[in-house]
Amino acid sequence: MFSSKEEFKKIFVTRMEHKGMGKTAELAYETLWEMTQEWIQDRWYRTSQLYKDNNEKQLYYFSIEFLIGRVLGQNLINLNFYDIVKEGLDELGLQLSEIEELETEPGLGNGGLGRLAACFVDSLASLGLPGNGYGLRYKGGLFTQHFVNGYQTEQPTQWIQEKHNVDVRREDLVVEVPYYGEVQLVMGMDGLKVKVEKPEWVKAVPYDMPVVGANGGTVNTLRLWQAEVSDRPFPGHKDYAVYEHETAKITDRLYPDDSLEAGKILRLKQQYFLCSASLQTILNEGSFSIEELPENVAIQINDTHPALAVPELMRLLIDDYALSWDQAWDITTRTISYTNHTILEEAMEKWDRRLIQTLLPRIYMVIEEIDRRFKESLQEQELDDEALHKLSIIENGVIKMAVLAVVGSYKVNGVAKLHTEILKKREMKELSEQFPNKFHNKTNGIAHRRWLLKANHELSGLITDTIGPQWIKEPERLSELHYFSQNHSFLQDFQAIKSLKKEQLIHHLQRNQNVIVDQDSIFDIHIKRFHGYKRQLMNILHIQMLYDRIKRDPTYRPYPRTFFFGGKAAPSYHFAKQVIKMINTVAAKVNNDPLARKHLHVVFVENYNVTQAEYMIPAADVSEQISTASKEASGTGNMKLMMNGALTIGTFDGANVEIFEQVGEENAFVFGMLAEQVMQHEKEKSYNPKSIIDSDPEIAQLMEELIKGEWTEGKTNVDFIVEQLLEDGDPYFVLKDIRSYSKAHEQILNAYAHPEKWAEMCVKNIAASGYFSSDRTIQQYSDDVWHLTKIPSLY
Ligand code: 26V
């Protein structure tokens, strides 16, 4: 440990010298990594001892994704060593930022859901709460995206490498997960018992990663499971080589789809692997009697992907702990709670009954029994067919995981107020009527330690200089910035930092993508996965409208804007990939036009990931949050951008609604249909995009150009897009909203013309963003669902 820069330098240099020759940055990374790990070890050990000694109730957050991002820099931040280390290295002629670049980002998630899990484990540790993550140790995270001729291509990534691994193998905690086998009834000492004969075992090896909380006070654990061949006798009903191959595949890579439910056996294997291994360990490790599980353990399932935790816990309690069904059910439904993250029908998980029956025969029996008993309990009520359909777990040979998750949990939540309301009133209406006390809202949040303190260290410094450091511990105190929102010198400092962050992004892009961006332009940023409902299409169509107008109207010479896009499409999501291609095509046309280029620049940042986000978000002036109202469960990028002083152009959707509530609509650019209007149109099938085209000449012209192929290189992808807008009835209401979207953009230009007023609005956004810290979200989960006790800080 060290307490000063000089001390750090001394230790660092001695260690470097011991290492001898080699690339300096590489060596520096290794040295820093070792040093931080040593500081962390002791705290990690002491945290776990404290939990044991006090018999603390533990939360386990089950998630198929943890999109944690790079680790080294974040650990330095949370340990409060970042500044000392950075300055010390500077004096030694080394750049911390370059050293950080050497770390391969663990891309163990697709997007919002996985990143939320990462923010949550950070907040748990930072609040000193006993909460751990359980996930999978994929060898390869999300694919790397490259553009070839404007189209997305996907390259597999390897996260786990020979060296620099950030986790610790725990051989002592290995468990075995059973697949296949035959269910048999056997006579035991105390009556009939169920036994699965000749299962195929897979060894689950945990790898633990320390999760360092703020000030290094608490160090919790993120445990990731790796699949390996078992040492147990192999049942021999298939070739051993096939078994070996299939086993290695279980944790070989993350599924890159976040839009379409695919029902693949490998994914089912992954889900069960996570649930079974985690539950076995929790039960093995616990020093309480099994009847007291709910008082000692809370399990939160992140969407339905770990919903097999419900039947798996039942199986373990009944078959291994010899509890009765009723006892087991009582325990299970007081231990597990569930968060829903989407209402899109196509993303709701369903499993073919036969798939589960073959792969997990005992689990299937349990699910069937849960369904049977639930249906039986409904018999006294006179429910119509529609209600019975919505309430059935198994129907027409399909298992609906969301219904299983609701029935098997004691609490169910949505991730923003509007989303929870839609769940209760529409998607899960019947379930919420059956279990009125289960449903609650927990609006998402973000780890301000990563998205402000780490990503925007300069702005954090200014905030601390202005209102003191308390906001770091209590982010809602960012509201104190309100008093400075009209302070000229503070606003100037804010503007200077915004420019600096723009400059850093420009350098980054120059290095990585060889594009040069005008620092004085408005940075308008649209970053998220590609999906129809997120409407990247509306953004790019609007850019085409702007281009047309510049060409047509010599008096229209708007202030220069750079439109940034970033995001990946699921490899099988054809429409999203066509939109990506279209953005690249439009970019080429606009950027190569000497007149238009003075006013518009389109930049598609390749391979958007957590690291790229850390460059882009602090540099943003405008945050694009333009999903079709009712479709985006919450969004969390919206919160990150707001916290960095970007102004939102957004619909009344997801957590945008609460952002507008916190900051006031006058400090954002709100447009578009309301969720109710969208849902009404959907119900009545009353929207016809042709009526929009007939009444708006500018949109009509745009469509005409599209059809003629003026925005494409010959015969390409645009047919597909035109088809969705016209023949398919424009399911995401792009044409319906584009006029009001365009007006909101005009308002942005007007506002930007008054720099000080603009900066004032930015500061008001930062001041109102404290509510969106995931510390608030986690505290609410703890108070209302998990009932955890804070441990006193160790340091
Ligand atoms: C969905 C599916 C569908 C089934 C097959 C595999 C798979 C894998 C991932 C997903 C993820 C969709 C859910 C999701 O990411 N939801 C997002 O969650 C964020 C955190 O709550 C929220 O902010 C976003 O609005 C929501 O889209």
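Please indicate, with yes or no, whether at least one residue in region 690-708 is within 23 Å of the chain's Cα centre (by Cα) and away from the ligand (no atom under 16 Å from the Cβ). Scanning region 690-708 turns up no residue that is within 23 Å of the chain's Cα centre (by Cα) and away from the ligand (no atom under 16 Å from the Cβ). How about region 412-437: which of its residues are closer than 30 Å to Phe772 by Cβ and away from the ligand (no atom under 16 Å from the Cβ)? Within region 412-437, Lys424, Lys425, Arg426, Lys429, Leu431, Ser432, Phe435, Pro436, Asn437 qualify. At least 3 residues being under 30 Å from Lys577 (Cβ atoms) is the threshold, and among the helices (runs of 4 or more DSSP H) wholly inside region 441-555 those reaching it are 488-513, 536-552. In summary, Ala277 fulfils each of the numbered conditions (1) within 16 Å of the ligand (Cβ to nearest atom); (2) buried (at least 20 other Cβ atoms within 10 Å of the Cβ) with the single exception of condition (1).
Mind checking whether some residue in region 190-210 is surrounded by fewer than 21 Cβ atoms within 10 Å (Cβ to Cβ), of a type in the set (Val, Ile, Thr), away from the ligand (no atom under 16 Å from the Cβ) and within 25 Å of Met365 (Cα to Cα)? The answer is yes, given that some residue of region 190-210 is surrounded by fewer than 21 Cβ atoms within 10 Å (Cβ to Cβ), of a type in the set (Val, Ile, Thr), away from the ligand (no atom under 16 Å from the Cβ) and within 25 Å of Met365 (Cα to Cα).
For region 633-666, a residue qualifies if it is within 14 Å of the ligand (Cβ to nearest atom) and free of Cβ contacts under 8 Å to residues at least 40 places away in the same chain, and the qualifying residues are Asn638, Gly650, Asn656.
Taken together, the criteria exclude Ser627 from residues that are assigned to a strand (DSSP E or B) and within 16 Å of the ligand (Cβ to nearest atom). Checked against (1) over 30 Å from Glu427 (Cβ atoms); (2) of a type in the set (Asp, Glu); (3) more than 17 Å from the chain's Cα centre (by Cα), Glu614 passes all but condition (3).
Residue-level check: of (1) more than 16 Å from the ligand (Cβ to nearest atom); (2) in a helix (DSSP H, G or I); (3) among the hydrophobic types (A, V, I, L, M, F, W, C), Phe288 misses just (2). Has region 598-608 got any residue that is of a type outside the set (A, V, I, L, M), touching a Leu at 6+ places or on another chain (Cβ under 7 Å) and either within 15 Å of the ligand (Cβ to nearest atom) or part of a strand (DSSP E or B) (or both)? So far as region 598-608 goes, no, none of its residues is of a type outside the set (A, V, I, L, M), touching a Leu at 6+ places or on another chain (Cβ under 7 Å) and either within 15 Å of the ligand (Cβ to nearest atom) or part of a strand (DSSP E or B) (or both). Residues that are touching a helix residue (DSSP H, G or I) at 6+ places or on another chain (Cβ under 6 Å) and of a type in the set (Ser, Thr, Tyr) were ranked within region 743-794; the one that is farthest from Leu129 (Cα to Cα) is Tyr752.
Can you find a residue that is part of a helix (DSSP H, G or I) and loosely packed, with under 14 Cβ neighbours inside 10 Å anywhere in region 758-780? No, region 758-780 has no match at all. So, Ser392, is that one surrounded by fewer than 17 Cβ atoms within 10 Å (Cβ to Cβ), more than 20 Å from the chain's Cα centre (by Cα) and hydroxyl-bearing (Ser, Thr, Tyr) or not? Considered against the rule, which asks whether it is surrounded by fewer than 17 Cβ atoms within 10 Å (Cβ to Cβ), more than 20 Å from the chain's Cα centre (by Cα) and hydroxyl-bearing (Ser, Thr, Tyr), Ser392 comes out as no. If the condition is being within 16 Å of the ligand (Cβ to nearest atom) and either over 24 Å from Ser782 (Cα atoms) or more than 24 Å from the chain's Cα centre (by Cα) (or both), then region 60-110 contributes Gly69, Gly107, Leu108, Gly109, Asn110.
Each reported figure results from applying straightforward, stated rules to the coordinates on display, with no laboratory input. Not measured: the values here are computed from a predicted model. Every residue, glycine as well, gets a Cβ built from its backbone with ideal geometry; the counts of neighbours run over all protein chains shown.
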